1. Return the sequence-ordered ³J(HN,Hα) values of the stretch 155-160 in whole Hz as given by the Karplus equation 6.51 cos²θ - 1.76 cosθ + 1.60 applied to θ = phi - 60°, using x for Gly and Pro.
2. Determine the sum of side-chain charges near Thr142: Lys and Arg each +1, Asp and Glu each -1, restricted to other residues whose C-beta is under 13 angstrom from that of Thr142.
3. Rounded if a/c is under 1.5, else prolate if a/b beats b/c, else oblate: with a ≥ b ≥ c from the C-alpha gyration tensor eigenvalues square-rooted, which is the stretch 20-67?
4. Give me the net charge of Ile247's neighbourhood, meaning all other residues with Cβ under 11 Å from the Cβ of Ile247; Lys, Arg count +1, Asp, Glu -1.
5. For the pair Cys139 and Ala242, what calculated FRET efficiency results from E = 1/(1 + (r/R0)^6), where r is the Cβ-Cβ distance and R0 = 35 Å, to the nearest 0.05?
6. How much net charge surrounds Ala35 when only the other residues with a Cβ under 13 Å from the Cβ of Ala35 are counted, with Lys and Arg +1 and Asp and Glu -1?
7. Where in the stretch 209-247 does the label zone of Arg202 land, with the point 7 angstrom along Cα→C-beta and an amide N cut-off under 17 Å?
Amino acid sequence: MIDGPDARWLGLNERQSAIVRIVRDRGFATIGSLADRFGVSQQTIRRDIIELARRNLVQRYHGGAGLPTGRDRLAYANRRVRNAEAKRRIARAVAAEIPNGASLFIDIGTTTEAVAEALLQHRGLRVVTNHVGVVWLFCQHTDFEIVLAGGMVRNRDLAIIGTATADFLEGFRVAYGIFGVGAIDPEGNLLDYDYRDMRTSRAAMEIARRRFVVADAAKFHGDAMIRLGHLDEIDALFTDAAPPPEIAACLEAAGTRLVVTGREEPRRTQPPADRAALGG
């Protein structure tokens, strides 16, 4: 982290130091979310980002800031181990509901990666994904049928993103979609930090007949601001702790199932294999 004496030595003010910490933690932060967080104008944040980029502490992007080349993968690796046990419990609960032979979409994110690991003992899965890490994992350990969406590769998390990715996904239909989010707000909105993921996530939701969102309890208190959807658009939310009352009320009003995992291994049920084709 950059704070205390290190921040003063670099000549950073408190807000600039906090921006660096936020970007290192998330990998990317939008100008709008930073302006809201610090109660300043977007122009002020732009000036901060310009200065931080000059010092090679962040990298400027259209609409926000990311990590300089070489540091972004380290940040993603750090997120992978954060709340790792909770993510594994969530992943096992999701995997218990996916039958052998099913068709599914797996979204980008560290919790969805955990779901992929939990699916390694399944048979005959047919997977569409925009996550290179998921493809690598399945290719190493399974003989699943795998379709990787086309588009631009984002280095920090091996995600495939962009307009071409969304267009590609529109040609498929799958039985299950497994989605990660950056935050869930008290109104039940599903949010993310990077606006570049929005269209791809929306396209992926449209191709899935059943939609599962995976989110550890920290996501109930996140400050992401890019809206991907709402709890009333999904079939189930898998998490590791009871959500705040406002979110619980949204789930109940939407009729969306809530699955709160415990510390014990979830009980596995095996529904009949899904035989729907990937193509639609």
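1. In residue order, the calculated couplings are 4, 5, 10, 6, 8, 9 Hz.
2. -1
3. oblate
4. That sum, taken over residues with Cβ under 11 Å, equals -3.
5. The computed FRET efficiency comes out at 0.40.
6. +1
7. Correct set: 225-234.
Where a number appears in this text, it was derived from the coordinates with a stated rule and is not lab data. It should be emphasised that the depicted structure is a prediction, and the values quoted were computed from it without experimental measurement. Ideal geometry is used to build each Cβ from the backbone, glycine not excepted, and the neighbour counts take in all protein chains shown.
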